[in-house]
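The values are calculated or read from the model by the stated rules, or taken from the named source; none is laboratory data. Since the model is a prediction, treat every value here as computed from it, not as a measurement. Counting neighbours? That spans all protein chains shown, and the Cβs are built from the backbone with ideal geometry, glycine included.
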Amino acid sequence: MSLVLDIFSIVAICAGAFFFLAGTAGLLRFPDALTRLHALTKADNLGLGLVVLGLLPHVDGVLEGLKLVAIWAAVLLASAIVSQLIARVARRESEPQ
Amino acid sequence: MSSVTLFGLLAALLVGLGLYGLIVHPHPLRKILSFNLLGGGVFLLLGVVARRGAGAGLAGDPVPQALVITGLVVAFAGTALAVMLLLRLFQESGTASLRADALAGKDAKKVDR
Amino acid sequence: MSWAFTFDVALTALVLGVAIWTLSLRENFGAVVAFAVYGLTLTLVWLRLGAPDVALTEAAIGSGLTGALLLAAAARLRSTEAAIAAESPGGGVRVAAAVLSAIVAGGIVLAVLALPVPAPSLAPNAVADLAATGLGNAVTGVLMAYRAADTLLEKVVVLIAVIAVWSLADSRVWGGRPGPAHRAEPDGALAFLARRLPPLGIVAGVYIAWVGADMPGGAFPGGTIIAAMWLLTIMAGVKDTPPISSRGLRLALTVGPAVFLAVGLCGFFIADAFLAYPVAYAKPLIVLVEVGMVLTIAVSLGLLMAGPPERSGK
Amino acid sequence: MAMTAFLLVAACFVLVMVALGLTRILRGPGDADRMMAAQLMGTGGMGTLLLFAVATGASAAIDVALVLALLSVFASVAFVKGAAGTDAQDHKDDA
């Protein structure tokens, strides 16, 4: 059972790390602000989410697990709205003056 | 070399960098920023001293750690006051320059709110 | 080389890199963003140094609150940058500054390498009387009992800073509301965030302040989170800043130091000195002081961020 | 222990990844790009903290990540307000 959980954790955390890699690559390589924002939200939502999922079997106690989930929930809510607001700034910046 | 020594050397470099920025940057906001960077180095030095004083079942000496916590709050209060003074200067004179001649030049066309 | 040490080397390189970025960026705005990241990397260093209480305070105040304050200022001062950039000192001053900074840094390097072995420590003294206070967190013990006078004075310093910021106000708007009026679309995204996030944030802030007695946490990071949530509702236009003449506001500003001082003065009579706690009631008294402090810290940090009054309170 | 080493390596990896993203702060070109780099650093910092907390048993790092999550939202909103100017309004999206 513990081996299965360990493998689950390793797979989930590797997947999460991959999304951080993808977010960084997108932020550096994509051509304009809006596509870069798209890459960023993947790291925010999926990268952190998968890391949290992978860590859940290893925390001691329900409270710590709840805290992990609360952090992810806060980031999901914040990232959805903040990225919308950043997109408005990006759009204003790209408009000809 | 141990991690603690490594962080001690880092603290020394941060103080040096902050001091350089404080002298070289002409914009007051950048001076405030550099001063905070310097402060981070000083706090880190206290953190290294605290870590070396680990004992009595603790990971670090709690007295320097408490000092740093107090210091962080006071540093924020000082930074906030400095920023508000700077914004007020800008509101009154239309410039953020600290030079006497820049202020004198702007005085004639003083911007009133 | 252990994995932990490798992590520390990577972290050190990152902190140095971000610090150099902060100084070398041309525009103020980018430099402030880099500075907020610098605070974030320092938070990781504090954890590696076994100082989770400091890490919490650094994340809350050193990185988050200071970063937000400077971001707002950089945006307002954007028009001044070009003129001031022309005042950059010449090569001679730069070289002199670099030499001076190198000497200072070199001196500190020598001091770090010459730190005494074994290191002097006050940890045994701080822990010795910890049991009598009923606290489990030694740092809170130092802040609230061992060096309580420092903490009391620090509260007063923050209060004085608030008064100093208020004194920058135009006399016509004295007693008015700090900061610009933020109008918001009631159904907008920002207003939605400002309604949904603060409940979670306030629970987290109270939790971190409450567990500070026994675990890493405390009144400072807890109060900072509550201040940030308060400012979030203001920036989203959901709630307006209260006028600084408001009685409730002034009460909240002073309740922390007042309770602390009252408990300290009672120490003369029921214990044997100023700021001494009677052993039987030490824990409840400390918790009482901390509750008052969380409120005062939240309100005073919020007001420091909001700035001097700018418009009439009517 | 193998799991601890794996978690620390993962923490290192995430930290280095988001640090590379920071070169966006240098290159810009707009303020929005700079803020995105900081936002990525915030999320990556949280990921690093959580991995670190479980790897070393320093459960306080989870609380630090919680503080970071809440404060980084606040800093981002302050950025948007600042970038939009003081008379900014929260428009409904008119696109």
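Is it fair to say C:Leu42 is facing chain B (nearest Cβ under 8 Å), under 29 Å from the mean Cα position of the chain (by Cα), at pLDDT 90 or above and more than 22 Å from B:Leu46 (Cβ to Cβ)?
For C:Leu42, the condition - facing chain B (nearest Cβ under 8 Å), under 29 Å from the mean Cα position of the chain (by Cα), at pLDDT 90 or above and more than 22 Å from B:Leu46 (Cβ to Cβ) - is not met.
Per-residue answers, yes or no, for (1) among the hydrophobic types (A, V, I, L, M, F, W, C); (2) modelled with pLDDT of 85 or more; (3) within 24 Å of D:Leu20 (Cβ to Cβ):
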{"position": "A:His38", "(1), (2), (3)": "no, yes, yes"}
{"position": "A:Lys42", "(1), (2), (3)": "no, no, yes"}
{"position": "A:Val52", "(1), (2), (3)": "yes, yes, yes"}
{"position": "A:Ala70", "(1), (2), (3)": "yes, yes, no"}
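List the residue pairs whose Cβ atoms are under 8 Å apart, where the first residue sits in segment A:1-27 and is at the interface with another protein chain (Cβ under 10 Å from one of its Cβ atoms), the second is β-branched (Val, Ile, Thr) and surrounded by fewer than 16 Cβ atoms within 10 Å (Cβ to Cβ), and the two are 6 or more positions apart or on different chains.
Short answer, once both residue conditions are applied: A:Gly26/A:Thr35.
Provide a single number: the residues in segment C:181-202 that are in contact (Cβ under 8 Å) with a residue 40 or more places away in the chain, more than 7 Å from every other protein chain (Cβ to nearest Cβ) and farther than 17 Å from D:Phe79 by Cβ.
Summing the residues that are in contact (Cβ under 8 Å) with a residue 40 or more places away in the chain, more than 7 Å from every other protein chain (Cβ to nearest Cβ) and farther than 17 Å from D:Phe79 by Cβ in segment C:181-202 gives 2.
In segment C:255-298, how many residues are within 30 Å of B:Leu87 (Cα to Cα) and either of a type in the set (Lys, Arg) or in contact with a Phe, Trp or Tyr (Cβ under 8 Å, 6 or more places away or on another chain) (or both)?
3
Yes/no matrix, rows are residues, columns are (1) at pLDDT 80 or above; (2) under 14 Å from the mean Cα position of the chain (by Cα); (3) more than 7 Å from chain C (Cβ to nearest Cβ):
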position	(1), (2), (3)
D:Ala5	yes, no, no
D:Asp31	no, no, no
D:Gly47	yes, yes, yes
D:Ala69	yes, yes, yes
D:Lys92	no, no, no
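Being on the phi < 0 side of the Ramachandran plot and touching a Gly at 6+ places or on another chain (Cβ under 6 Å): is that true of A:Phe19 here?
yes
Can you work out which of the residues in segment C:154-174 that are farther than 30 Å from C:Met144 by Cα and surrounded by 15 or more Cβ atoms within 10 Å (Cβ to Cβ) is nearest to the other protein chains (Cβ to nearest Cβ)?
Filtering first and then ranking leaves C:Leu168.
Filter segment D:38-60 down to residues that are surrounded by 24 or more Cβ atoms within 10 Å (Cβ to Cβ) and of a type outside the set (A, V, I, L, M) and give me whichever is farthest from D:Ala19 (Cα to Cα).
D:Phe52
So which residues in segment C:129-140 are without any contact (Cβ under 8 Å) to a residue 24 or more places away in the chain, assigned to a helix (DSSP H, G or I) and more than 8 Å from every other protein chain (Cβ to nearest Cβ)?
Hits for segment C:129-140 are C:Leu130, C:Ala131.
Out of all the residues in segment B:35-61, which are more than 10 Å from the chain's Cα centre (by Cα) and closer than 25 Å to C:Ser300 by Cβ?
Passing the criteria: B:Phe43, B:Leu46.
What helices (runs of 4 or more DSSP H), lying completely within segment D:1-66, carry at least 1 residues that are out of contact with any Ser or Thr (no Cβ under 9 Å at 6 or more places or on another chain) and basic (Lys, Arg)?
Output list reads D:23-27, D:31-56.
Do we have C:Ala181 as buried (at least 16 other Cβ atoms within 10 Å of the Cβ) and over 27 Å from B:Ala66 (Cα atoms) here?
For C:Ala181, the condition - buried (at least 16 other Cβ atoms within 10 Å of the Cβ) and over 27 Å from B:Ala66 (Cα atoms) - is not met.
For B:Ala54, all conditions in the list (1) hydrophobic (A, V, I, L, M, F, W, C); (2) out of contact with any Pro (no Cβ under 8 Å at 6 or more places or on another chain); (3) crowded, with 23+ Cβ neighbours inside 10 Å hold save one; what is the number of the exception?
(3)
Kindly establish whether C:Ser79 is in the same structural domain as C:Val32 (by TED's automatic domain parsing), buried (at least 24 other Cβ atoms within 10 Å of the Cβ) and among the hydroxyl-bearing types (Ser, Thr, Tyr).
It is false that C:Ser79 is in the same structural domain as C:Val32 (by TED's automatic domain parsing), buried (at least 24 other Cβ atoms within 10 Å of the Cβ) and among the hydroxyl-bearing types (Ser, Thr, Tyr).
(1) aliphatic (A, V, I, L, M); (2) at the interface with chain B (Cβ under 10 Å from one of its Cβ atoms); (3) more than 18 Å from B:Gly55 (Cβ to Cβ); (4) crowded, with 22+ Cβ neighbours inside 10 Å: which one isn't true of C:Leu49, the others all being true?
The number of the failed condition is (3).
Conditions tested, residue by residue: (1) facing another protein chain (nearest Cβ under 7 Å); (2) in contact (Cβ under 8 Å) with a residue 24 or more places away in the chain.
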residue: C:Ala59; (1), (2): yes, yes
residue: C:Gly62; (1), (2): yes, no
residue: C:Ala75; (1), (2): yes, yes
residue: C:Ala86; (1), (2): no, no
residue: C:Gly91; (1), (2): no, no
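On the basis of being farther than 25 Å from A:Leu76 by Cα and either crowded, with 17+ Cβ neighbours inside 10 Å or facing another protein chain (nearest Cβ under 7 Å) (or both), does C:Met229 make the cut?
For C:Met229, the condition - farther than 25 Å from A:Leu76 by Cα and either crowded, with 17+ Cβ neighbours inside 10 Å or facing another protein chain (nearest Cβ under 7 Å) (or both) - is not met.
Counting only residues that are surrounded by fewer than 22 Cβ atoms within 10 Å (Cβ to Cβ) and either facing chain C (nearest Cβ under 7 Å) or basic (Lys, Arg) (or both), how many does segment B:18-31 have?
Within segment B:18-31, residues that are surrounded by fewer than 22 Cβ atoms within 10 Å (Cβ to Cβ) and either facing chain C (nearest Cβ under 7 Å) or basic (Lys, Arg) (or both) number 4.
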